[in-house]
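Each remark here refers to the structure printed beneath this line.
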Amino acid sequence: MKATRGIILGLLLGMAAGTASAGSGGSAYTRHGIGDIRYGTSGRGAGMGGVGIAVLSSGISDPLNPATWGVVNRTQFSVSGFYEGFASTDQRSSTFLSNASFDGLMLALPLLSRWGIVLGAGITPFSNVKYDIVTPASQNGYDYTVAYRGDGGLSQGHLGISAMPDSELSLGVKMNYYFGTIRNTLNQTFAPAQYTNAEDIRLTRFNGVGATFGLVYTGFGKLLNLPQGQSLNVGLVLSTKSYLNSAEERYFTYTAPSLTTRDTVISPEGKTRLPLSAGGGIAYAAERYSVAADLYYQNWNAFTVNGAGLSELRDSYRFSVGGELTPKKEASAPF
């Protein structure tokens, strides 16, 4: 007897967890929420472990903290890429996956350098969804394979400005526009060809706005009487919570040996709440070297979809530390 669509749907929505193995893709954890969060930073910041909240440079425009733009003294334009390798191991096998992707575009335009007024704009990835998991399972005498696949994510476009009301204080603010589409696919395939296979594709489109505020204070070097040429900066950054419009479409396909049936469900537009985030950083710089550290927190327990939270999400903490060395500063020094 062929399995009915009702049985198939029940299995898809209420299946017991089985042993999973990774296919081509990235972290299985990107299946939850809006995926892995990408903390946008400059190429220099990425080379220093992802720091950027308190690091100042006249030649770099960093999207993490708009207050760092205040020392930019000439027009800056940058495009960056991201390469990631991901190793995964379970009780049966191991795999290594890698991919390269666009990691951001930044533009900084000084309007009044004397007062640190710099206009900044850009687009960076905000989250990434990339997973491919295959799970063999059995229920009520039916042996089947379930494949979980996902791709997409959110991007963040921003426009902001910085100012330096004091030579030791830089302030910045930027407006963020979040947008993107996440595609989640759940596919159930029976080994015997006479049973009905099923596929559930969920497309969720997001868009909404938020804001980021930042500051950098550079006066600690003077307070601590550091030698000339050395500095100690402290930075803070805060991104407000945001309510994104989210529209969901679901496409169901049931495939039998002699018949294929398709259903489409379009849900009313809802609201997804991105929680607030906050971070602090410290950076010490001497003539030829610098070190910096950041701590970044986001309240993911407050993440909701149409008013409902996700129990599998927890608050996130990100700690970054890095250093930089310039062997020689002479203009004629070799690369």
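Would you list the strands (runs of 3 or more DSSP E) that sit entirely within segment 271-335 and hold 2 or more residues that are aliphatic (A, V, I, L, M) and more than 20 Å from the chain's Cα centre (by Cα)?
It comes to 277-285, 289-298.
Conditions tested, residue by residue: (1) within 27 Å of Pro66 (Cα to Cα); (2) charged (D, E, K, R).
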{"site": "Pro268", "(1), (2)": "no, no"}
{"site": "Ser290", "(1), (2)": "yes, no"}
{"site": "Asp294", "(1), (2)": "yes, yes"}
{"site": "Gly309", "(1), (2)": "no, no"}
{"site": "Ser320", "(1), (2)": "yes, no"}
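Out of Gly172, Gly160, Gly120, Gly152, I need the residue that is under 30 Å from Glu199 (Cβ atoms) and either under 17 Å from the mean Cα position of the chain (by Cα) or not polar (S, T, N, Q) (or both). Which one?
Only one candidate qualifies: Gly152.
Before we move on, is Arg38 touching a residue at least 60 places away in the same chain (Cβ under 8 Å) and either open to solvent by less than 40 Å² (accessible area, probe 1.4 Å) or under 30 Å from Arg183 (Cβ atoms) (or both)?
yes
Among (1) surrounded by fewer than 18 Cβ atoms within 10 Å (Cβ to Cβ); (2) touching a helix residue (DSSP H, G or I) at 6+ places or on another chain (Cβ under 8 Å), there is one condition Asn207 misses while meeting the rest; what is its number?
Of the numbered conditions (1) surrounded by fewer than 18 Cβ atoms within 10 Å (Cβ to Cβ); (2) touching a helix residue (DSSP H, G or I) at 6+ places or on another chain (Cβ under 8 Å), the odd one out for Asn207 is (2).
In segment 51-97, which residue that is in a strand (DSSP E or B) and of a type in the set (A, V, I, L, M) is farthest from Ser155 (Cα to Cα)?
Ala87
The values are calculated or read from the model by the stated rules, or taken from the named source; none is laboratory data. As the structure is a prediction and not an experimental result, all values here were calculated from the model. In this analysis, Cβ positions are derived from the backbone assuming ideal geometry, glycine residues included, and neighbour counts consider all displayed protein chains. Areas reflect the complete protein model, heavy atoms only, side chains present, ligands, DNA and RNA absent. Shrake-Rupley method; radii C 1.70, N 1.55, O 1.52, S 1.80 Å.
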